1. I need to check one value: relative contact order of segment 116-199, counting alpha carbon pairs closer than 8 Å and at least 6 residues apart, in percent.
2. Cut-off is 10 Å between beta-carbons; in what order do 116, 81 appear when sorted fewest neighbours first?
3. For the residues 219, 30, 63, what sequence is obtained by ranking on other C-beta atoms within 10 Å, fewest first?
4. Sort 137, 175, 29, 2 so the one with the fewest other Cβ atoms within 10 Å of its own Cβ comes first.
5. For the chain, what is the calculated [θ] at 222 nm in deg cm²/dmol (nearest 500), taking -39500 (n - 2.57) for each run of four or more DSSP H residues and dividing by its residue count?
6. Give the angle, between 0 and 90 degrees and rounded to the nearest 10, that separates the Cα long axis of helix 258-268 from the longest principal axis of the Cα atoms of the chain.
């Protein structure tokens, strides 16, 4: 597993990318908005440069990876920022190890596990279908049907599906930029399907332990986010959080409103010195 860092010093923050089934892009998208922080990111299991040697795509396995990276880097605690599916992973990681988290940023976070994971997918698909229109939805479904074929066809179909999905993250898919080709090449249908199956079976109560976390939390969604009103599920889970609705943005804030997104992150996170305020109180 390749771990990327924006710098070797400074206040550490782990950036958990979305998906599942797609590789990391946080070092080139979010890390530049936090220049004073030691931004840490990695390709999750089975995507990009990371393998999944044990075949496990459970939430416990993903959290084990996060903890292994923290331990390998010799960090007792860090800030945690998760986007989309990475926001769900950030909640699960914080639920297991609340004393390791200095602050928690949930950026357009997925809603939860079990029935809430199914709701996450349903809300996103309804938004995609509305924005794509009849022809775009038909194209998406046609590409999706090819994901079940083996070999190069499956790889090609995964890139096509993720391109369609990416475009539908924007309010007007016709004017949306194309995703990065290298990022598309690191996508994995196997990791996406396997993770999806396990998340649908995970109990909704898996996140109950996150209530034991009493540090600062920011919950941020875009004005035109793909989860719509269902985002209240996450907002209600953190009533003490700083609640942000980012204007002029959908799901990919660093592209749609980078200035506003960066301002919100920097206003919430502590000054990027060598230690956080919480850490200095320990």
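No value in this document is a laboratory result; all are computed from the given coordinates. Just so it is clear, the model here is predicted, and its values are computed rather than measured. Ideal geometry is used to build each Cβ from the backbone, glycine not excepted, and the neighbour counts take in all protein chains shown.
1. Normalised by residue count, the contact order of segment 116-199 is 26 percent.
2. Ranking 116, 81 by Cβ neighbours within 10 Å, fewest first, gives 116, 81.
3. Ranked by crowding around the Cβ, least crowded first: 63, 219, 30.
4. Ascending Cβ contact count within 10 Å gives the list 175, 2, 137, 29.
5. Computed mean residue ellipticity for the chain: -13000 deg cm²/dmol.
6. 30
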